[in-house]
Structures are given as structure tokens and as C-alpha cells.
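> Take a look at this one; I'll ask things after.
Each value in this text was obtained by applying a stated rule to the coordinates, not by laboratory testing. Note that the coordinates shown come from a computational prediction; the quantities given were computed from them, not determined experimentally. Glycine also receives a Cβ, built like all others from the backbone with ideal geometry; neighbour counts cover every protein chain displayed.
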Amino acid sequence: MRVFAYPDFENGLIMSDGKPNLAALREELDSIDNALHDLLMRRAEIAAGVRASKGDAPVWRPAREAQILRRLMMRHTGPFPKATIIQLWREIVSAMVRLQGEFAVAVYAPDGERLCRDMARDHFGGETPLLLHSSARAVLNAVQEGTATVGVLPIPEDSEEAAWWPTLAGIAQGGEVSVCARLPFAPIAPVNGDSALCVAAMTPDESGDDRSFFVLRTNPEVSRARLNDAIAAAGIKPVRLIGMGVPMDGASVFLAELEEFAGPDDSRIARLTDPDNGIAESAIFLGVYATPFSSDDIADRGEF
């Protein structure tokens, strides 16, 4: 695509008196619109080929999408808002995903609650079907049974009376469903603490900047501070630990959010569950998500 700079008398964009030639500028914009449209149609054609090459692989790859958006933000220049670039690409990518196969999102929305629904709509686009459920268990069932490709659930918190992540841990032990993304990936407004997690029946990929979840079962005498120190000593930075509050079956259960990508066979996790020197009785891999942008990452408009 040709990039022009003022003045441009040769192509008629600037008149002899130095003023922009409005008719010529509009013609140039029409040409750019046609080029963009041509590229979108070409991208849709390629999406069909991608689906054929994937076979039975999931149509949605959140780690790949994160890599695309990070690359675009790294190369972006000029006054066009970064946040708008991300919104445009999210709609484009979601449309391409729907072209590759059936795609629906199960959303936790009890009593008309809009948090997860609004985040799902913003991330997956205006045309993606949203299936609203009144319980987290119903969302997990929809993903496990295949009636939904993705489930969107509220971010776990310490204060929860009925946490959904222990239920996911029971499902995840069978390798069927795991955490795969965090929303919003690109917060438009300054961070207000509202966020959600996506779960899907897929094996998480590395995006290059990730966070991981494990459910750790420990002796009830192990404090949160001690567990936190043990995780750090194993070589992986703990972001936060969430406890269930009441020990189960003589053991305490924690949801550990960890910096970096750590899979179920990670040697650092194995150190935590070592029969002789480990601090945890077991560790259940709950998934990975690509670290989202911060509002500061996408706040500026770039430079000419």
C-alpha cells in the first residue's frame, strides 16, 4: 500500500495554492477502502484453507491471537488509536474463526448479570452466538459436552462462597477442559479490576508471555505464606494464591496463579509435589492464559 506525505502535487492531493484537494483525497480514501476490502476477502479465503489443514484441531487459538495483536502493536505508528486497531482485529479474527467451523460461547450470566456477557461480546464480536447460563457448572458442562466452544466465567476471588475452580479441577484431571484466556485482553478504559477467564476443551499453547493456573493440595498446617515461598523457591514466581477457606478431607486446597508458562509436566511444579521434599500433596494443572495488555500499553495514539 502506498504511503503519501504532504505536499503531493503530482497525484493531485494538494492544489497549487497549498490546500488539500478534497476530491482527490476522497478518491484516494476510496482506493484504500477497496484495497482493505480486497485483503479481507483474501483473508477469508485463506481461513478456509487453515481450517482444512487443522483437521480436528480447535478452531480458536487464543495464544496465536495474542501473538498477532502484540505484533501489530509493536509495529503500529501514526495517529490511529491502538485500542481501535485491537477492536478491529478482534472482530476480524472472530469472523475468521466462525468461518472455520461451529463456534459458540457459553457465558455465566445469573439473574441478568452482564459482566461476563459484556466481556464475551467485546472479545468475540457482535455475530458470535452467546449462550447464557445461570450457573458456573452449566457453563462448564456446555464446554465439556461440546454445545459451546468456549466458556466465560468470572475471575476467581478469595471472597467467593461457591468457587467454580474446584469443579474445573475435577474436570481438568481428565484433561478435558482448561483455562485458555483472560478477558479483557485489551482493556479500553483504565483497569477497574473486572475480568473473566475463558475455558475450552483444548491444550493451551505458549504465547511468549503467559500465566498459569494450578490447584495445589497441601497439609492444613501449610500456611499461604509458606506455600508462596515454596513456589518462588521452586523457580516460578507466584502471582497470587486463593484458598478455599475450609480444608477439605483433611487438606487445604489453593488455586495458584503463576507467572510464565508452566504445563502439567513442568519440573518446577514437580519440585512442589516431590514425595520427599515437596510441600504439596498434589498439583492439578488448570490452564494457561496469554498475559493481556495493560490500559497503558494501548493508551497512546502513536507518532507520525
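> Relative contact order for segment 98-290: what is it in percent, counting Cα pairs under 8 Å that are at least 6 residues apart?
21
> Just to check I understand the Karplus step: with θ = phi - 60° and J = 6.51 cos²θ - 1.76 cosθ + 1.60, what whole-Hz values come out for segment 263-268, glycine and proline as x?
Running phi through 6.51 cos²θ - 1.76 cosθ + 1.60 with θ = phi - 60° gives x, x, 9, 5, 5, 5 Hz.
> Additional query: Could you give each residue of segment 282-290 its phi-based ³J(HN,Hα) in whole Hz, using Karplus coefficients 6.51, -1.76, 1.60 with θ = phi - 60°, and x for Gly or Pro?
Here the 3J(HN,Hα) series is 7, 9, 9, 5, 10, x, 9, 9, 6 Hz.
> If I take R0 = 25 Å and measure r between the Cβ atoms of residue 43 and residue 176 in this structure, what FRET efficiency does the formula 1/(1 + (r/R0)^6) give, to the nearest 0.05?
Plugging the Cβ-Cβ distance into 1/(1 + (r/R0)^6) gives 0.20.
> Could you give the length gained by full extension between residue 147 and residue 224, i.e. 0.36 nm per residue of separation minus their alpha carbon distance, to one decimal place?
Result: 23.9 nm gained on full extension.
> Let me ask you something else. Roughly what angle does helix 224-233 make with the longest principal axis of the chain, taking Cα atoms, 0 to 90 degrees, to the nearest 10?
Tilt relative to the chain: about 70 degrees.
> Per 10 Å bin, what is the whole-percent P(r) computed from every C-alpha pair distance within the chain?
Reading the bins upward from 0: 6, 23, 29, 21, 11, 6, 3, 1, 0.
> I would also like to ask the following. Around residue 243, under 14 Å between beta carbons, what's the net of Lys plus Arg minus Asp minus Glu among the other residues?
Taking every Cβ under 14 Å from that of residue 243, the sum is -2.
> Sticking with this structure for a sec: Expressed as an acute angle from 0 to 90° and rounded to the nearest 10, what is the orientation of the C-alpha long axis of helix 22-54 relative to the principal long axis of the chain?
Result, in degrees: 40.
> Could you give the nm distance between label points at residue 25 and residue 75, where each point is 7 Å from its Cα heading toward the beta carbon?
The two pseudo-label positions are separated by 2.8 nm.
> Quick one: if you take sqrt(5λ) for each eigenvalue of the C-alpha gyration tensor of segment 123-267, what semi-axes come out, biggest first, whole angstrom?
Its equivalent ellipsoid spans semi-axes of 26, 18, 16 Å.
> Counting only residues 5 or more places away or on other chains, whose amide H sits under 5 Å from the amide H of residue 107 once H atoms are built in the peptide plane?
Those lying under 5 Å, H to H, from residue 107 are 131, 132, 133, 152.
> Relative to the longest principal axis of the C-alpha atoms of the chain, give the angle of the C-alpha long axis of helix 62-75, reported between 0 and 90° and rounded to the nearest 10°.
40
> Report ³J(HN,Hα) in whole Hz for each residue of segment 79-88, in order, from the Karplus equation J = 6.51 cos²θ - 1.76 cosθ + 1.60 where θ = phi - 60°; Gly and Pro get x.
Coupling constants for segment 79-88: x, 5, x, 4, 4, 6, 4, 5, 4, 4 Hz.
> Express in % the proportion of alpha carbon pairs of segment 97-170 at distances exceeding 20 Å.
Roughly 28 percent, once rounded to a whole number.
> Moving to a separate point now. In deg cm²/dmol, rounded to 500, what helix-only [θ] at 222 nm does the chain give when every DSSP H run of at least 4 residues adds -39500 (n - 2.57) and the total is split over its residues?
-11500 deg cm²/dmol
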